[in-house]
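The values are calculated or read from the model by the stated rules, or taken from the named source; none is laboratory data. Computed from a predicted model, the values in this text were never measured in an experiment. Cβ placement follows ideal geometry from the backbone for every residue including glycine, while neighbour counts extend to all protein chains displayed.
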């Protein structure tokens, strides 16, 4: 029997002297701000503040509202200035006490949508905001809002350089997540696509001052590198993925960056990547100075389920076997929480390799075992039977159809390999923990996880390439963002629950479609990762699917935002040479990344199997989403609660307190023992860290999206949530939000007259 590669466990020095290159302040709360994506280097979402207490949180009120927001964006707060992404692709500096605009840099189309990075020089005179636009790193002066032209080459750094692929085959590289700053380095992952022959997901670090690449770690190893033997001999020429498209965390003092990686491409079928596939699906510990691997653990061997590691690893100090241990805990799409000594990589509790089902698909070699943590217990449901079908959100016809599919499907546990018949996958590829959904109180050893319970039904089919046709870009973008729910022919997926899209532009109009895609509606979440060009291409495809697309009319996004516009468009890169690409291929994978010919000297698989993503969100019985608190001093669940209500379930006569369908939101954890997190019911709640009881509920105009922030400015603590007009029940059954409901950032605080309380 093949054995999975065991993690190497070299020790490094327990601590190092803190570099003088940057200002040394407490993790995540320098000057009581929110200096980094996720709150600080450790991405713990922790605010070391206690002005808002359990005893007074019920008195929170709206302090200010800013009426523009980007779905999923985590603001940065430094020196009483908040930096946000707003309407018309603008980056905006706000007064963090009032929400008033200080400057606007508009027209940053394609900017990193989940957050950005902040860096300042030791004397505080040089302050920069660093982000990516369409695969190019850029830097903006945080004080003036203007581009820093000395960064890189004339103000930009091409992230495609050094990716070990021929020019033109690396169409997709930029992740929607911003990476991490450590000292003078920006450490970045990538989003390389899901198809075959995609770029590898190498982890790279760049000098923040010059833009020069400082180091690069190969996640698909080359000959002579550790892990090369876990792939076919030529895989480094064509295999991609194994990338960090989500979050990462940094032990600031030790200089260790913890990098979760996703699956190898392409998804769901691995005939061209036999082996365990290091360093896909790993928790990687790298030396932040050099990129050298310190240790790793692979959570899924030879991934066939798209079980990427995405969420930020949480760094905590716990009492374990009579000793204080610095630990790292990673929550996976698998529903497991994996816990390690963060210096050595040794699991705090045994992780067992257990036999799992074999594949019966031609050419596939599923790995014979998978790792199962013995402690702590899982936070997600990991099985799905006919008894788990939703009794409220399906019509009788849908319920019967779903029951029949489940009864005939291959269903042998969470690691049942995709087959040529329906295959149950639970947690599905959109379930478990995802980006933004973990947090921690580092001192107490409590880790929090927001989980989504969503089954997926996979079915592999032989993919046939098709001849090129006009509008291929629209068809390809539709495959990536829409096809898994709405079907390859716009008629919906057999057995699925999403509406058909035939003639949709004539039935409801382009504006309504755009509003639904970007803002969400009912059980559909906002598609925050889609770019403007991709959305325009999809609109053309929906209007004329037989041609695969159409014109590229500019979307009407309304007037430019009013206020102090200081610059527009960032630094525009030089045009890239056009390289002929093959037409997109049928199937639910690939999107804008990959699906190009294999290298000439590589034997491509004779048959390629693909599947829709198969997510059946409305088919899964409640709870839909949960918030779990783990006590890692004992390796137990301290408490678990559903995350609010689901409006569609309530409207259908179902129970309250089910968690919101698709409520995948981040949280803020405070020193006062309060956890703030929004549901999918247009409400934000404050939970008691001790027992999960709700201490306060605040109303939002729409649903929140992404990671909230908490900070103190001019002696007053604020909690800021985004709000989007995306609530409403399935098929309009529950109260809907008007399309013109403003999307924006809402700041909650105690009444102004009460902030003099001791804290």
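Of (1) at pLDDT below 75; (2) in a loop (DSSP other than H, G, I, E, B); (3) closer than 30 Å to residue 662 by Cβ, residue 554 satisfies all except one. Which?
Residue 554 satisfies every listed condition except (3).
Taking residue 348, is it surrounded by 24 or more Cβ atoms within 10 Å (Cβ to Cβ) and either out of contact with any helix residue (DSSP H, G or I) (no Cβ under 7 Å at 6 or more places or on another chain) or within 29 Å of residue 608 (Cβ to Cβ) (or both)?
When the stated conditions are applied, residue 348 does not pass them.
May I ask you to verify whether residue 108 is crowded, with 16+ Cβ neighbours inside 10 Å and assigned to a loop (DSSP other than H, G, I, E, B)?
yes
List the number of the failed condition for residue 264; all other conditions in (1) over 18 Å from the mean Cα position of the chain (by Cα); (2) more than 22 Å from residue 114 (Cβ to Cβ) hold.
(1)
For the stretch 225-232, state whether one or more residues are modelled with pLDDT of 95 or more and farther than 22 Å from residue 292 by Cβ.
Yes: the stretch 225-232 contains one or more residues that are modelled with pLDDT of 95 or more and farther than 22 Å from residue 292 by Cβ.
Taking only the stretch 78-104 into account, find how many residues are buried (at least 20 other Cβ atoms within 10 Å of the Cβ) and in contact with a helix residue (DSSP H, G or I) (Cβ under 9 Å, 6 or more places away or on another chain).
Looking only at that region, the number is 2.
Could you please give the count of residues in the stretch 78-100 that are within 18 Å of residue 711 (Cβ to Cβ) and over 21 Å from the mean Cα position of the chain (by Cα)?
Of the residues in the stretch 78-100, 14 are within 18 Å of residue 711 (Cβ to Cβ) and over 21 Å from the mean Cα position of the chain (by Cα).
Need the failing condition index for residue 657 against (1) without any contact (Cβ under 8 Å) to a residue 60 or more places away in the chain; (2) buried (at least 18 other Cβ atoms within 10 Å of the Cβ); (3) out of contact with any helix residue (DSSP H, G or I) (no Cβ under 6 Å at 6 or more places or on another chain); (4) part of a loop (DSSP other than H, G, I, E, B), just the number.
(2)
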